[in-house]
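Structure first, commentary second.
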Amino acid sequence: MQIARETLLRSYRSMRTIRDFEERLHVEFATGEIPGFVHLYCGEEASGVGVCANLTDLDTIASTHRGHGHCIAKGVEVAGMMAEIYGRQTGVCRGKGGSMHIADLSRGMLGANGIVGGGPPLICGAALSHKTLKNGAVAVAFYGDGASNEGTTLESLNLASVWRLPAVFVLEDNGYGEATGSSYACAGSQKARAEGFGMPYMECDGTDFFAVHQAAGEAIAHARAGNGPVMLHVHLARWYGHFEGDAMTYRAAGEVAAARADHDCLTIFRTRVTEAGLLEGTELDDIDSAVRDEIESAVIAAKQAPLPEAADLLADVYVRY
Amino acid sequence: MNASITPITMPKFGLAMTEGKLAGWMVRPGTRVKAGDDLADIETSKITNAYESPAAGVLRQVASDGETLPVGALIGVLVENDVSDADIDAFIARFTAEFGQQSLGDGQEAAPAEPTVIDVKGRALRVLDLGHGDATPIVLIHGFGGDLTNWMFNHSALADGRRVIAFDLPGHGGSVKDVGEGDPAFFAGVAIDLLDTLNIGKAHLVAHSLGGAIALALAGQAPGRVASLALIAPAGLGPEINMDFINGFITADRQKTIQPVLAYLVHDKSLIGRKMADDILRYKRLDGAVTALTRIAETCFPDGRQADDLRPVLTRGDIKALVLWGEDDEILPVRQSSGLPPAVTVDILPGVGHMPQMERATDINKTIATFLA
Amino acid sequence: MSKKSFRQAINEALRQEMRRDPRVIVMGEDVAGGRGGTSGTVDAWGGVLGVTKGLLTEFGEDRVLDTPITEASYIGAAAGAAATGLRPVAELMFVDFVGCCLDQIMNQAAKFRYMFGGKARTPLVIRAMFGAGFNAAAQHSQALYPLFTHIPGLKVVVPSSPYEAKGLLIEAIRDDDPVIFLEHKVMYDDEEEVPDEAYTIPFGEANLTREGDDVTIVAFGRMVKLANEAADRLEQQGISCTVIDPRTTSPLDTDTILDCVGDTGRLVIVDESSPRCNMAADISALVAEHAFDALKGPIRRVVPPHTPVPFASVLENLYLPSVEKIEAAVKAAMGHRVPEIA
């Protein structure tokens, strides 16, 4: 499939933004200035971006606790995200959600989610909205190998098939649910699970943007055409711990280093587009530089932004009470 | 039945009443009363009303103050002096036993007439059509925020030998909530449509408050349809109106806020019960009700004054008219009844507020009956 | 206006709102029933107790959705649909089943708006039946409104009669926040006059079903009926009661409760839910904190014991608040000033 030049540039920028955003958070978190929990998406960029490159603002996604990448891929504004993670009033959630609850419904981003398996039922609902309102949109649930065992996820696979919803279930399988390997925690096969619920199963290499883009494009087109849900199993690797501060004593020495060296989605993307003559290396360098500046100014702005006020504590519990 | 013992039973005021509370005897036991004397205050679900003695005699109380009893239950007897206590006791025992039997035999009594929603030229109106006879029919027109139950003490009394129709104006009660422009002319047009639908050529109009302005507008638009006007505290005869009432009625949304607003309506504030307030709150919760009231108020009372001067309808002199007004009316001042042509009978009732037809139901019924005779 | 049952009032509210707004949909287990059955009958049940009967016929399969028996996915779907443009009314059948889907209510729907900095609206209604009196035992009889009341972001409605149910349900459907609407299963055949037209009763405004001088009784749902019966009996004995039906436990009309306690100086709370951390406990704390000086004696709570709901009638009757228990509590609240009752 031919990918438009603009799409390639936008996708690279999106992946680079996620990478820099997360690497910077890794550094900043260590200074103690960022409150709460942070779960980084480094190494998985091609998955979120490859999927979301097939979506519009009208389409809905639901994310996970490891949600920064999905947010950026879906177009949530970076400065607002950074301010949110710093707990500032200028954050996308006014400093009341934090890293695990970044959402922007105007971008079809139904939220990162602190509950493993929280997203798939919500995505059934979003898909039901799209189907009922006949707006041609689809809904995509990102969920991990850990969440793949949650009852909510399995129920949602069933419900989406029963109702023939325009939904895609993107299983981002990074091999670990927290500190436990998926080879231990996931019985049977994901393929058999999809087939058990009567939906098509697809899989792809999550470090290859083109593979993800291609597979997600087919899955989303299938759902959008009214043919019911699809499971897309994306294989990838997590470069950091479950959360920042996780020493990853459960992973073999060299596992992460190998992933960084041999399976960096950004490197793979650069090689591919430059060798094929699709983009110039300098164009990518320019993006790298622009993103570096954007992240830098986002961090500076976040650190200077006002903290929430006492009145914010009581605001927005209800629309009206 | 012993002719010298007259049973006094819980009266039925209005159609929905199934029981009443004896709020208080107004006559001591052993007192001789004549027919028409006030015997007791009876609290209905809506409002407290004086119950007048149906006969003459000496009162013996059976029910005590504060008791709630079903309609028809014995509350006292009127006796002539020569009846022995034993006979009275026997009478009471027999009556009570028979009443108990009747109550058990449910369904024997004919169902009371219920209002029905009818189609009036594409508009759903709730109508209560009572009585029959050859005399010219009466149409009852309630006021702002009211409904056909405002006539609960008058409707059947007036329906003696004639048809009497009460209806909910658009925007009110069980009628459609679209009020068009919300002015008297609009409502008069609807009332004419109602006359057409019910095949009534000409009717006496008995109208209250804003209903008075509607009746005047109707008489102005179609004098041939109006046999006479009996106007109770009518709007349209002067500019002043109590906007605290109008605005409060529109905005109040709970017992605590509506009760003081309703108190403007009557002279004796104790007449306003929580059931009456609750019924109004229930009406106001209906989809479109508050919008309708707001529209009417904006059109009829812009800038806190009545927009329509309908006095010319009366000065024209071609329609027989009666005007009744409570001296202590706090909504529309009684002085608006002055300066009318001499042919218009004006009756001012002392110690009465804006709701004479409820506050002095019997007097009003008699006055109107006499006026129509 | 005509006499309607609690069941009919709820059905009518759903029907009128579905006619009024195409975004309103109904979903749940067997809300129609019959799909996939061998008889081909559709709308076989209309809900397990027939409350949604006939909706499928009028509004079709796209707006009346039978779900698999998977509460987590369909309650979560209702939350997701509400956040993305629909106004779902999801039926949880028995409120006890909330154990299967609490996350979707407590961590998702209730918190979207706050977590997302005020950018979400979740116009979701979850209907469920609750309460004991049907010998339905421990897993089908609980009165769990305190559980939901505890969760910020939810509104909780406990209607006490057919009139109340219709107006409060329409209000719930038009509300932009998630609302838990709890129907006492023993009340479905209760009847009273209910307007044919649509109307709304605002949340957070208590209804005084009667006003008296001696004792304030606060009661919820079906308990309002029992409290009124007790108040009738007590009036014959010279004790006059105010009965407050708060209508919603969240928001709670604390002003009315405090005003009435200020007037009567005595408080009895009738609550069918388990006694620890229930509404009776909450309101007791409220009054103790804000109206302590007005109290002429201890607050009395008429509540079940801290046990699961039992099965056998004799035990269930012992478990539940009753007119007699309320009457006794009011007399106790009156202390030695109560006239001796033979």
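The values are calculated or read from the model by the stated rules, or taken from the named source; none is laboratory data. The structure presented is a predicted model; accordingly, all values stated were derived computationally and were not measured. Counting neighbours? That spans all protein chains shown, and the Cβs are built from the backbone with ideal geometry, glycine included.
Odds and ends about this structure:
- Test for B:Ser228: is it at pLDDT 95 or above and in contact with a His (Cβ under 6 Å, 6 or more places away or on another chain): yes
- Scanning segment A:288-321 for residues that are among the hydrophobic types (A, V, I, L, M, F, W, C), away from every other protein chain (no Cβ under 14 Å) and within 23 Å of A:Glu22 (Cβ to Cβ) yields a count of 8.
- Among residues of segment A:143-152, those that are within 14 Å of another protein chain (Cβ to nearest Cβ) and closer than 15 Å to A:Leu232 by Cα, counted: 2
- Screening the candidates C:Phe116, C:Phe134, C:Phe148 for the property of being assigned by TED's automatic domain parsing to the domain that holds C:Asp21, in contact with a Gly (Cβ under 9 Å, 6 or more places away or on another chain) and hydrophobic (A, V, I, L, M, F, W, C) yields one hit, C:Phe116.
- Check on A:Asp285, away from chain C (no Cβ under 14 Å) and more than 22 Å from A:Gln2 (Cβ to Cβ): yes
- Yes/no for C:Val42 being more than 15 Å from A:Leu159 (Cα to Cα), surrounded by fewer than 24 Cβ atoms within 10 Å (Cβ to Cβ), at pLDDT 95 or above and more than 8 Å from chain A (Cβ to nearest Cβ): no
- Listed by position, the helices (runs of 4 or more DSSP H) contained in segment C:225-341 that have at least 3 residues being in contact (Cβ under 8 Å) with a residue 60 or more places away in the chain and over 28 Å from B:Arg274 (Cα atoms) are C:313-319.
- Qualifying residue in segment B:362-371 (condition: surrounded by fewer than 15 Cβ atoms within 10 Å (Cβ to Cβ) and over 20 Å from the mean Cα position of the chain (by Cα)): no
- Count of segment C:213-222 residues which are surrounded by 24 or more Cβ atoms within 10 Å (Cβ to Cβ) and more than 11 Å from C:Ala143 (Cα to Cα): 5
- Segment A:205-218, residues that are without any contact (Cβ under 8 Å) to a residue 60 or more places away in the chain and over 18 Å from A:Ile61 (Cα atoms): A:Asp205
- Only residues that are polar (S, T, N, Q) and in contact with a helix residue (DSSP H, G or I) (Cβ under 7 Å, 6 or more places away or on another chain) were counted in segment A:194-225, giving 1.
Let's see how each residue does on (1) away from chain C (no Cβ under 14 Å); (2) in contact with a helix residue (DSSP H, G or I) (Cβ under 6 Å, 6 or more places away or on another chain); (3) modelled with pLDDT of 95 or more:
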site: B:Ile214; (1), (2), (3): yes, yes, yes
site: B:Ile241; (1), (2), (3): yes, no, yes
site: B:Asn247; (1), (2), (3): yes, no, yes
site: B:Lys256; (1), (2), (3): no, no, no
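- Helices (runs of 4 or more DSSP H) (entirely within segment A:62-138) containing at least 2 residues that are within 10 Å of chain C (Cβ to nearest Cβ), modelled with pLDDT of 95 or more and out of contact with any Phe, Trp or Tyr (no Cβ under 7 Å at 6 or more places or on another chain): A:78-85, A:119-133
- Filter result (part of a helix (DSSP H, G or I) and either crowded, with 24+ Cβ neighbours inside 10 Å or facing chain A (nearest Cβ under 7 Å) (or both)) within segment C:87-129: C:Val95, C:Asp103, C:Gln104, C:Ile105, C:Asn107, C:Gln108, C:Ala109, C:Phe112, C:Arg113, C:Tyr114, C:Met115
- Counted residues, segment B:248-268 - those being more than 17 Å from the chain's Cα centre (by Cα) and surrounded by fewer than 16 Cβ atoms within 10 Å (Cβ to Cβ): 5
- When restricted to residues that are under 20 Å from C:Phe94 (Cα atoms) and β-branched (Val, Ile, Thr), segment C:154-201 contains 7.
- Residue count for segment C:48-68 under the criterion of being outside any helix (DSSP H, G or I) and touching a helix residue (DSSP H, G or I) at 6+ places or on another chain (Cβ under 9 Å): the result is 13.
- Residue in segment A:31-48 that is away from chain C (no Cβ under 13 Å) and out of contact with any helix residue (DSSP H, G or I) (no Cβ under 9 Å at 6 or more places or on another chain) present: yes
- Residue match in segment A:153-161 (condition: within 9 Å of chain C (Cβ to nearest Cβ) and surrounded by fewer than 24 Cβ atoms within 10 Å (Cβ to Cβ)): yes
- Residues considered: C:Asp196, C:Asp176, C:Asp189. Of these, the only one that is surrounded by fewer than 24 Cβ atoms within 10 Å (Cβ to Cβ) and either in a helix (DSSP H, G or I) or within 14 Å of chain A (Cβ to nearest Cβ) (or both) is C:Asp176.
Residues checked against (1) within 14 Å of chain A (Cβ to nearest Cβ); (2) in a helix (DSSP H, G or I):
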residue: C:Gly133; (1), (2): no, no
residue: C:Ala136; (1), (2): no, no
residue: C:His140; (1), (2): no, no
residue: C:Pro152; (1), (2): yes, no
residue: C:Val156; (1), (2): yes, no
residue: C:Ala165; (1), (2): no, yes
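- Close Cβ contacts (under 6 Å, 6 or more residues apart or on different chains) running from residues in segment C:200-214 that are at the interface with another protein chain (Cβ under 8 Å from one of its Cβ atoms) and in contact (Cβ under 8 Å) with a residue 24 or more places away in the chain to residues that are surrounded by 21 or more Cβ atoms within 10 Å (Cβ to Cβ) and small (Gly, Ala, Ser) comprise C:Thr200/C:Gly167; C:Ile201/C:Gly167.
Let's see how each residue does on (1) over 30 Å from C:Ile180 (Cβ atoms); (2) in contact (Cβ under 8 Å) with a residue 40 or more places away in the chain:
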{"site": "A:Leu266", "(1), (2)": "yes, yes"}
{"site": "A:Val273", "(1), (2)": "yes, yes"}
{"site": "A:Ala276", "(1), (2)": "yes, no"}
{"site": "A:Glu280", "(1), (2)": "yes, no"}
{"site": "A:Leu284", "(1), (2)": "yes, yes"}
{"site": "A:Glu294", "(1), (2)": "yes, yes"}
{"site": "A:Val299", "(1), (2)": "yes, yes"}
{"site": "A:Glu309", "(1), (2)": "yes, yes"}
{"site": "A:Asp316", "(1), (2)": "no, yes"}
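- Qualifying residue in segment C:4-24 (condition: closer than 15 Å to C:Ile126 by Cα, within 9 Å of another protein chain (Cβ to nearest Cβ), crowded, with 18+ Cβ neighbours inside 10 Å and touching a helix residue (DSSP H, G or I) at 6+ places or on another chain (Cβ under 9 Å)): no
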